[in-house]
Amino acid sequence: EAGIWYIGNLEVGDFKKLEIISEIIETGDITNFAVVSGNEKDPNLANNEAESIVHVYPAADLSITKTVSKYEYELGDIVRYSIKIRNDGPDDALNVKVSERFDKSLVLKSFKATRGTYDRDTNEWTMDELAAGGEEKLLLEFKAIKDGIFKNNVFVSSDTFDFDLSNNDDFALVKII
């Protein structure tokens with residue numbers, strides 16, 4: 001957006017300073033361009049313009065949701081979890097990693113990801129990228145081998161800057177009787 005700053009009279013040797021604070025709403029190179037002029041004849045027009053370029057690195061807002069098919073199970077039942085990750089952009093998220101933390105009272109039986117790779121030894125789901133606006137799911141099935149109430153945590157991260165970490169983790173509770 002263009003704006004005009006009317007200074008008024010400026011005596012020889014005086015200077016005025018304008019500080020502009022703005023919110024960044026896009027990534028990439030952002031150029032700010034300024035021009036100064038006055039009513040009097042200016043013998044040197046070469047120094048009446050200036051520009052500044054700010055580089056804003058890519059950013060992605062990843063979010064994760066973990067749900068369980070129901071809260072209460074009996075020993076030996078299969079517990080079904082669903083994990084959904086989403087990238088609200090504005091850019092693609094690179095090297096996405098979802099870390100799954102579950103109690104040893106649950107034994108992993110099967111998993112299915114809509115995209116990427118799930119490593120059952122590290123309990124990590126990874127993918128090279130998740131496009132802005134993209135969404136993927138991971139379904140996990142566990143066998144319940146011990147009674148109690150268990151909280152299963154999950155966290156999503158990537159190599160791309162995430163400006164809102166408040167939605168990068170979730171959990172689900174189950175009760176085994």
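See the values below:
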{"quantity": "Most mobile of 76, 133, 13 in a GNM of the chain (Cα contacts under 10 Å)", "calculated": "13"}
{"quantity": "Solvent-accessible surface (1.4 angstrom probe) belonging to residue 54, in square angstrom, nearest 10", "calculated": "80 Å²"}
{"quantity": "³J(HN,Hα), Karplus 6.51/-1.76/1.60, whole Hz, each residue of segment 140-152, x for Gly, Pro", "calculated": "10, 10, 10, 9, 7, 10, 8, 7, x, 10, 10, 10, 10"}
{"quantity": "FRET efficiency for residue 159 and residue 82, using Cβ-Cβ distance with R0 set to 22 Å, rounded to 0.05", "calculated": "0.30"}
{"quantity": "Accessible area per residue in Å² at 1.4 Å probe, computed on segment 1-43", "calculated": "111 Å²"}
{"quantity": "Pairwise centroid distance, computed over Cα atoms, of segment 107-177 with segment 5-40, Å", "calculated": "49 Å"}
{"quantity": "Rounded percent of accessible protein surface that carbon and sulfur make up, segment 1-84, 1.4 Å probe", "calculated": "51 percent"}
{"quantity": "Solvent-accessible area per residue for segment 106-159 (1.4 angstrom probe, square angstrom)", "calculated": "56 Å²"}
{"quantity": "Relative contact order for segment 92-131, counting Cα pairs under 8 Å that sit 6 or more residues apart, in percent", "calculated": "61 percent"}
{"quantity": "Calculated from backbone phi, Karplus (6.51, -1.76, 1.60) coupling profile of segment 161-170 in Hz, x at Gly/Pro", "calculated": "4, 10, 7, 9, 7, 5, 10, 9, 9, 7"}
{"quantity": "Stretch gain in nm, segment residue 97-residue 6, where the contour uses 0.36 nm per residue and the Cα spacing is subtracted", "calculated": "27.6 nm"}
{"quantity": "For the chain, size of Cβ-based charge dipole, Lys and Arg +1, Asp and Glu -1, in debye", "calculated": "1420 debye"}
{"quantity": "Local net charge near residue 171, Cβ-Cβ under 11 Å (Lys/Arg +1, Asp/Glu -1)", "calculated": "0"}
{"quantity": "Residues residue 50 and residue 173, FRET efficiency given R0 of 41 Å [Cβ-Cβ distance, rounded to 0.05]", "calculated": "0.10"}
{"quantity": "Identified option (computed Kirkwood radius over Cα pairs in Å; candidates (1) 20.4; (2) 15.8; (3) 18.4)", "calculated": "(1)"}
{"quantity": "Which listed pairs, of 97/143; 137/175; 66/137; 66/109; 112/143, have C-alpha distances above 21 Å, in listed order", "calculated": "97/143; 137/175"}
{"quantity": "Segment 78-114: trypsin sites (Lys or Arg not before Pro) in DSSP loop, at most 12 other beta carbons within 10 Å", "calculated": "104"}
{"quantity": "Percent RCO, i.e. relative contact order, over segment 1-80, from Cα pairs under 8 Å lying at least 6 residues apart", "calculated": "25 percent"}
{"quantity": "Packing-based ranking, highest mean first, of 15-26, 42-53 given that Cβ atoms within 10 Å are counted", "calculated": "42-53, 15-26"}
{"quantity": "Over the chain, relative contact order from alpha-carbon pairs under 8 Å, at least 6 apart, %", "calculated": "26 percent"}
{"quantity": "Modelled FRET efficiency - R0 30 Å, residue 139 with residue 57, Cβ distances, 0.05 increments", "calculated": "0.35"}
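The values are calculated or read from the model by the stated rules, or taken from the named source; none is laboratory data. Bear in mind that the values here come from a model prediction, so they are computed numbers and not experimental data. Don't worry about glycine lacking a Cβ; one is built from the backbone with ideal geometry, like all the others, and counts go over all protein chains shown. Surface accessibility is based on the protein's heavy atoms, side chains included, excluding ligands, DNA and RNA. Shrake-Rupley method; radii C 1.70, N 1.55, O 1.52, S 1.80 Å.
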